[in-house]
Amino acid sequence: MTKISELSRNWWHEETEGIAFTHALDMTLLHSEQSPFQKIEIYEHPIFGRVLTLDDLVQASHADEFMYHEMAVHVPLLGRKRDQAEVLIVGGGDGGILREVLRHEFVTRVVMVEIDRRVVELSQEFLAINGDYEDTRVELIIGDAADYMRKARAGGDRFDLIILDLSEPVGPSASVFTRGFCEDFSACIKEDGVVLDSDSIFVGKDRAYFLQELCGDKDQNLVSIMQHDKLLPHVAAYRSIVQLYPAAEFGFFLYSKDGHDYSKPMKSLTGRHYNADLHRAAFALPTWWHENLGF
């Protein structure tokens with residue numbers, strides 16, 4: 001009989017980052033490199049297709065990237081009637097968020113700030129799920145998002161939608177999981193705008209936990225900062241699934257000044273995952289969300 005310990009040597013394991021929970025995937029490594037910021041690897045899985053990992057944490061796969069990207073973009077963009085919209089993407093190096101944002105003709109400007117050029121380049125080469133960086137509406141900035149946000153705030157730049165497409169609060173993303181960053185993006189949203197944040201959610205024996213909280217310092221949990229400090233006074237949530245993220249339960253969080261109800265789509269769109277019925281249903285939250293997460 002083959003022992004489990006012997007079998008596991010042939011499998012890729014996601015780093016637990018302190019959560020005592022991991023993926024084990026039988027994959028073939030296609031590319032690996034250490035950029036100035038993080039380890040970037042691309043794998044091939046026989047069922048899930050290409051898989052992007054950063055510092056040994058799954059970021060996107062061909063099998064399920066559209067589940068995340070469509071729900072992150074179309075709910076906040078279609079949940080309010082707009083004639084035009086300016087969008088800021090923080091992170092998003094695989095390009096999937098950009099792809100979905102550009103589907104909307106009323107989007108007039110998109111700024112994408114990604115710290116690691118190699119994530120953008122390797123994602124284009126191996127995943128090919130990205131939007132068109134040559135679109136005249138797009139400005140791609142390779143740089144630190146915390147620095148960009150401070151300058152945008154000082155310069156009075158404002159957006160209708162800010163999407164925080166961030167990896168876990170370790171490595172290059174650590175600088176944005178702070179109260180200061182929350183203050184800056186809160187100042188960069190228009191009066192009728194909204195900020196979109198997201199995270200995996202685990203149910204423990206005593207309460208629910210955000211992945212941000214488990215991977216880093218509990219004070220680096222953006223949802224809790226926004227709920228507690230009311231930098232944008234209205235915090236709402238909806239839920240979805242992303243099958244290769246570490247928890248089956250995945251939450252999207254909306255921070256706004258005016259508390260607009262984004263649960264009713266103003267326009268019709270049918271994606272591979274997103275549709276109007278799913279949009280509405282995503283705002284129906286379980287009892288344990290209300291009791292544990294304050295929604």
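The values are calculated or read from the model by the stated rules, or taken from the named source; none is laboratory data. The shown structure was predicted, so the numbers you read here are calculated from the model rather than taken from an experiment. Please note: Cβ atoms are built from the backbone with ideal geometry, for glycine as well, and neighbour counts cover all protein chains shown. Side chains included, ligands, DNA and RNA excluded: accessible areas come from the protein's heavy atoms. Shrake-Rupley method; radii C 1.70, N 1.55, O 1.52, S 1.80 Å.
Note on segment 72-87: among residues that are touching a helix residue (DSSP H, G or I) at 6+ places or on another chain (Cβ under 8 Å) and crowded, with 24+ Cβ neighbours inside 10 Å, the one that is nearest to Asp147 (Cα to Cα) is Val87. Residue check: Gly259 meets all listed conditions (1) crowded, with 18+ Cβ neighbours inside 10 Å; (2) closer than 30 Å to Ala187 by Cβ; (3) at pLDDT 95 or above but one, namely (1). Look at segment 102-127: where a residue is closer than 20 Å to Asp157 by Cα and acidic (Asp, Glu) and a partner is open to solvent by 30 Å² or more (accessible area, probe 1.4 Å) and not in a helix (DSSP H, G or I), sitting 6+ places away or on another chain with Cβ atoms under 7 Å, you get Glu114/Ile142. For segment 16-61, the tally of residues that are over 25 Å from Asp144 (Cβ atoms) and either aliphatic (A, V, I, L, M) or surrounded by fewer than 17 Cβ atoms within 10 Å (Cβ to Cβ) (or both) stands at 17. Whenever a residue of segment 269-288 is touching a residue at least 60 places away in the same chain (Cβ under 8 Å), its partners that are outside any loop (DSSP other than H, G, I, E, B) and of a type in the set (Ser, Thr, Tyr), lying with C-beta atoms within less than 7 angstrom and at least six residues away or across chains, give the pairs Ala282/Tyr238; Ala282/Ser240. Here the condition is being modelled with pLDDT of 95 or more and aliphatic (A, V, I, L, M); of Leu78, Leu54, it holds for Leu78 alone.
Being free of Cβ contacts under 8 Å to residues at least 60 places away in the same chain and touching a Cys at 6+ places or on another chain (Cβ under 9 Å) is a property that Asp144 lacks.
The number of residues in segment 48-87 being over 15 Å from the mean Cα position of the chain (by Cα) and assigned to a strand (DSSP E or B) comes to 5.
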